[in-house]
Structure formats: structure tokens, C-alpha cells
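> Before we start, here is the structure in question, set down as C-alpha cells.
Nothing in this text is a laboratory measurement; each read-out follows from the coordinates by a stated rule. As the structure is a prediction and not an experimental result, all values here were calculated from the model. Because the Cβ atoms are built from the backbone with ideal geometry, glycine has one as well, and the counts that use them run over all protein chains shown.
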Amino acid sequence: MQKAERERRQAAPPGTTITPSPAGTGIGKGSEHFGTPVIRQGDVTVYAARRDKGGLTVLVEVVNSGRKRAFYRFRIRITGPGGFDATASASMDVVGLFPGTSWPTELTVSDPGHTPPAHPHITIESVERNEYKA
């Protein structure tokens, strides 16, 4: 590995530093700040919703706390006064999430005919975590 690293450095244009990183690295959990968490189930955390153009935007973050790459699927439900009732789901089926990395996503929900509540009630209906099998 040291020989390969040395060869890459020698082949790089002048002034460019190449630093190898361990295989399987992603975006590490660290300095991100997504607001106030309202509910957590397993590796899934849902943050406070914000009103946005007739709907609600909900930030969800998945952090793989396991030891193997994993694929996730989750479903949330948002309810509120006046009969507001909406569900949203997301899945990570292609690459999977490596251990210690995070996947933030925004979900936008609306309920036609109902005004988005200022303080919605959010629940996590399901979380599926499937480890990569190699």
C-alpha cells in the first residue's frame, strides 16, 4: 500500500497532495446541526418540521450505528389540528450507508384541503434496516 501511495504522489501534478482514506468512508457524523430533534427510533432521527408553501418540510437523518453497511427504509406520519394527516417515506436501496456515516434527507408533505399546522405531531411508523450481505 505504501508503494501505491508513493506512486500516486509521484504521478500527481505539482502542488497537489493526495491523502489516502480508508475504504468505505462516507460523510462522518459530526458538526451538522439540523435543528431540534422531535423523535428518534433506532438509527432514524426526525427534526422539527417547518411550514413551506402549503406544506411541511421535515428533515430526517439516518446514522448507521452498526458495524456493517446497511440499507434503510422508513415511514413517518404527520398530524395536526383541523384534520391534517399526511405520511411520507424514503429509502436508501442503492449503495447503503457505511458504519458511522449519516444520510440527511428532507421530506415535503401536504394534506390537500388542510392547512399545515404550526406545531405538527410527528411519529415514526416504521424503520427497516437491512445489513449488506457480501
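> Show me 52-60, 123-131 ranked by packing, highest mean number of other Cβ atoms within 10 Å first.
Packing proxy ranking, top to bottom: 52-60, 123-131.
> Still on this structure: Which residues does the label zone of D93 cover in segment 118-134, counting backbone N under 20 Å from a point 7 Å along Cα→Cβ?
The answer is 125-134.
> Still on this structure, I have one more. Applying 1/(1 + (r/R0)^6) with R0 = 35 Å to the Cβ-Cβ distance of T57 and A134, what FRET efficiency is obtained, to the nearest 0.05?
For T57 and A134, the calculated efficiency is 0.45.
> Something else: Based only on Cα atoms, what Rg/Rh ratio does segment 25-134 have, Rh being taken as Kirkwood's radius?
In segment 25-134, Rg relative to Rh is 1.01.
> So how far apart, in nm, are the two label points at A48 and H121 if each is 7 Å from Cα heading toward Cβ?
Using points 7 Å along Cα→Cβ, the separation is 1.9 nm.
> In addition: Of the listed peptides 93-102, 73-82, what is their order by residue-averaged count of other C-beta atoms within 10 Å, with the highest listed first?
Descending packing order for the listed peptides: 73-82, 93-102.
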